[in-house]
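Comments concern the structure below.
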Amino acid sequence: MNIRRYQTGEEQTLWLLFYNTIHQVNCRDYSPAQIEAWAPSTIDPEQWRERLINTNPFIAEENGEIVGFAELEDNGHIDCFYCAYNWQGKGVGSSMLQTIEFEAAQRGITLLFTEASITAKEFFARKGFRVDKEQIVKRRGEQLTNYAMSKRLTEM
């Protein structure tokens with residue numbers, strides 16, 4: 001598996017990965033209305049493109065196919081951590097997180113934190129993240145439960 005940085009022109013592929021993962025995986029833990037609020041069927045492509053340019057996510061690919069992406073912010077925040085629905089349980093998330101942890105250590109970041117969905121909570125827990133608190137977030141009028149989680153890199 002190759003982990004690299006985002007390249008201009010991959011916006012549609014990344015949106016479809018995001019959308020399909022939420023609609024086909026996270027639907028186990030969230031209602032249809034919550035899923036649609038989280039990943040609506042229509043987006044502003046320019047806003048999505050700008051987000052990707054600004055966050056420069058890590059891209060996981062296997063044999064040229066994009067199978068996941070994840071963002072690491074300068075303050076240690078992990079955002080948009082998604083593995084393609086048909087690649088769940090095949091090491092994509094582990095590979096991306098390993099890359100993020102290495103990059104964070106290189107940049108002197110000692111604390112990683114994220115807001116994990118109900119679905120992703122156990123993955124992050126297995127990787128050494130602890131739940132700091134359960135929280136409710138609002139997306140397009142819907143309330144969704146997620147978990148503020150963190151990990152000190154010295155705990156690796």
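The values are calculated or read from the model by the stated rules, or taken from the named source; none is laboratory data. Computed from a predicted structure; not experimentally measured. Using ideal geometry, Cβ is built from the backbone for each residue, glycine included, and neighbour counts are taken over all protein chains shown. With ligands, DNA and RNA removed, areas are computed over all heavy atoms of the protein, side chains included. Shrake-Rupley method; radii C 1.70, N 1.55, O 1.52, S 1.80 Å.
Check Thr114 against each of (1) among the hydroxyl-bearing types (Ser, Thr, Tyr); (2) part of a strand (DSSP E or B); (3) open to solvent by 30 Å² or more (accessible area, probe 1.4 Å) and name the one condition it does not meet.
Unmet condition: (3).
Determine which member of the set Thr99, Thr55, Thr119, Thr110 is free of Cβ contacts under 8 Å to residues at least 60 places away in the same chain and out of contact with any Gly (no Cβ under 9 Å at 6 or more places or on another chain).
When all the criteria are applied, what remains is Thr55.
Do we find a residue being closer than 22 Å to Asn26 by Cβ, at pLDDT 95 or above, of a type in the set (Ser, Thr, Tyr) and surrounded by 15 or more Cβ atoms within 10 Å (Cβ to Cβ) anywhere in the stretch 133-145?
The answer is no; no qualifying residue exists.
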